[in-house]
Amino acid sequence: MDQNRRLAELLKICWHELEFDPLGDKEFPYCKHCGRQDIPWHWECPNGKCFRIADSSPDFTDPRLVLREMRKRKDWLRFIDYTDGGTRMGAIRIDVHLVMDDTGKLRSMAIAFLEGH
Ligand SMILES: [Zn+2]
């Protein structure tokens with residue numbers, strides 16, 4: 001499974017998948033999971049068949065987004081410990097290499113941390 005989708009699933013963030021029935025009761029394309037109709041989207045047409053793809057699914061390759069979502073959790077500080085970070089004098093410390101990384105290292109750590117629960 002796509003790593004972004006896996007982390008979203010573990011964080012209980014909806015991975016929007018759009019449906020639309022022009023003759024149906026919803027005016028706009030809607031997410032078949034959460035029902036939202038205000039999700040930006042674009043067309044993708046592999047093999048000539050076109051699908052509406054949601055633009056708003058999170059890209060957790062960006063470690064700042066991982067931190068923003070993980071911070072909402074009660075076990076946030078345990079996650080920081082898990083990354084070999086910690087707290088000192090009220091400051092939360094995390095390895096700057098993890099924060100600068102753009103290959104998804106923190107995403108992988110978050111997945112492993114959450115799957116370990
Ligand atoms: Zn949704």
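The values are calculated or read from the model by the stated rules, or taken from the named source; none is laboratory data. Just so it is clear, the model here is predicted, and its values are computed rather than measured. Glycine gets a Cβ as well: all are built from the backbone with ideal geometry, and neighbour counts include every protein chain shown.
A few comments on the model shown:
- Scanning the range 26-60 for residues that are hydrophobic (A, V, I, L, M, F, W, C), more than 16 Å from the ligand (Cβ to nearest atom) and over 20 Å from ARG6 (Cα atoms) gives TRP43, CYS45, CYS50.
- Among the residues making up the range 82-102, those that are part of a helix (DSSP H, G or I) and exposed (fewer than 13 other Cβ atoms within 10 Å of the Cβ) are VAL96, HIS97, MET100.
- Hey, GLU44 touching a residue at least 12 places away in the same chain (Cβ under 8 Å) and either farther than 16 Å from ILE13 by Cα or surrounded by 10 or more Cβ atoms within 10 Å (Cβ to Cβ) (or both) or not: no
- Exactly one residue among LEU11, LEU106 is within 16 Å of the ligand (Cβ to nearest atom) and of a type in the set (A, V, I, L, M, F, W, C), and that residue is LEU11.
- Meets criteria (part of a strand (DSSP E or B), over 24 Å from MET100 (Cβ atoms) and not hydrophobic (A, V, I, L, M, F, W, C)) for ARG36: no
- Close contacts from the range 1-19, counting a first residue that is among the aromatic types (Phe, Trp, Tyr) and a second that is buried (at least 16 other Cβ atoms within 10 Å of the Cβ), with Cβ to Cβ under 6 Å and a gap of 6+ residues or different chains, come to TRP15/ALA8; TRP15/SER57.
- When we screen ARG6, ARG68, ARG73 for residues that are more than 11 Å from the ligand (Cβ to nearest atom) and buried (at least 17 other Cβ atoms within 10 Å of the Cβ), the only hit is ARG6.
- For LYS105: the one exception among (1) exposed (fewer than 14 other Cβ atoms within 10 Å of the Cβ); (2) among the charged types (D, E, K, R); (3) closer than 18 Å to ASP2 by Cα: (1)
- Matching residues in the range 47-68 - criterion: being within 20 Å of ILE80 (Cβ to Cβ) and assigned to a helix (DSSP H, G or I): PRO63, ARG64, LEU65, VAL66, LEU67, ARG68
- Test: GLU69 is of a type in the set (D, E, K, R) and modelled with pLDDT of 95 or more: yes
This table checks each residue for (1) within 11 Å of the chain's Cα centre (by Cα); (2) assigned by TED's automatic domain parsing to the domain that holds GLY104.
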site	(1), (2)
ASP2	yes, no
ARG5	yes, no
GLU9	yes, no
CYS34	no, no
LYS49	no, no
LYS72	no, yes
ARG78	no, yes
THR87	no, yes
